[in-house]
Amino acid sequence: MISGRFRGMYWRQLFVTAGMVLLTLILLGMTFFFASYQYVRYEKSAEIERRARDIGLRTAEYLDDTGLSSVRQLGGNREFEKRLRFAASSDVQFLICDRKGRVVLATDDALAAKTPSVALSSSITAEKSVRRDLEGERRFVVGVSAVKPGTEPVGLVFAVFTEESLDTLWRGFTAIFFATAFAVLLIAIIASSLMASHLVKPLREMVQATRQYGEGNFDIRMGDDGRTDEIGELAASFNQMADSLQLQEQQRREFISNVSHDLKTPLTTIAGYTDGILDGTIPPESERKYLEIISEESRRLSRMVRRMLDVSQIQAVDPLRNGAAFDLCESMRRVLISMEKKITDRKLDVDADIPEEPIYVFGDQDMITQVIYNLLENAAKFAREGSTLYLGLAPREGKACVTVRNLGATIPPEELPRLFDRFHKGDKSRGEDRDGVGLGLYIVKTILKQHREEIFASSEYGVTEFSFGLKIV
């Protein structure tokens, strides 16, 4: 079991990387040890074979030069024995045998005493050598024939060497491998540690930041560090989330503040005038006047609560999933008819540019009708008395574009982005729009957002325009 201290992503990354590198080195080491041992053994035996053939050739030449008739006659020849011992080395000894494998001359007397004959002669020809382990000894034998090119063999030459000489060379390779493997493992651990630390650091910062967010502090942001990888994208998304949370928190506080303000006014009015009537402060002849004010404030309070409920219901509906195709032109005509009295009371004219032919769009017809109604009502409310309202519809780039325009006071550029915030009212509108609650345009934006569409607003030289589009089907 891994203790709690080592359960973090940093240690897991480090252990996994080190384990993979170590496993790879073990597998490579096993392959290297086997292959290198076989290679060293083959190269060593090939070298010894070359030396044995050279001794065999010298043996055959010496017989010809001295006129000796057989290999057995070399046994007492001191001069040849001296040359043979000179050719030997500390790890390689030579045995000169007759054709039957009986030892005639050896560079090591002890070896000759232990090995009076070598039973490999039947496997050796002038073109073929034999390599075999010597039974009962940790020795390796390479046998060749003593022959001159183009002649019959006169004897056999055996080179005997110990495995210790092989092991010495192989241990040298092994030491180099282990040193290299240790260096690779150390480098891998250091690199993995740095990489894991680089990976985990922003995650730890995010953990600390989320704890701060839980306490209501949304000012913490992730450092950029110029990263363009997935962690960099995560940090950027995290900062965007923090901005969104901070904005929502700000809007929540504004919502509470605005609700408190807008609810407090009618409630105070209703309570004050009611108490005045009950305790006799207001004379009987004035009671009807103040009862009318109480009734008006009650209706305004009811409208405000109803609008709040409308927002909640709108946000819970997916109009693209539950919607249907409908004629947008017909919806606009219905809005104009329902707004006729309010437009007439404001002494306004209407320039309606609505096509005769139907234009079908997809969505929730009731919601889109409410969007058009809210925009036209807002335009009529703030239009200059006696001016003209414009309500138009035009197909453009696969969308039906709706435009509502009025002539009145110019909205400052810095105020335009806030028009669609909840309970927001411009300074001018607070005085003029006493009945409004600041949710009409917010509802418009919410409905269009549910339809995956946007609304655009502009105001220049007293002309204020709102426009949005819906996909034509």
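Derivation of every value follows stated rules applied to the coordinates shown; laboratory data play no part. None of the values given here were measured: they were computed from a predicted structure. All Cβ positions, glycine included, derive from the backbone under ideal geometry; neighbour counts span all protein chains shown.
Legend: distances between Cα atoms for 201/445; 264/347; 201/449; 342/449; 347/449; 347/471; pairs beyond 30 Å are 201/445; 264/347; 201/449; 347/449; 347/471. Using a ≥ b ≥ c from the Cα gyration tensor of segment 271-380 (square roots of the eigenvalues), is it rounded, prolate or oblate, where a/c under 1.5 gives rounded and otherwise the larger of a/b and b/c decides, a/b for prolate? Here segment 271-380 falls in the oblate category. Taking the average, over residues, of other Cβ atoms within 10 Å as the packing measure, peptides 233-242, 340-349, 439-448 rank 439-448, 233-242, 340-349 from highest down.
Between residue 356 and residue 239, full extension at 0.36 nm per residue minus the direct alpha carbon distance yields a gain of 37.2 nm.
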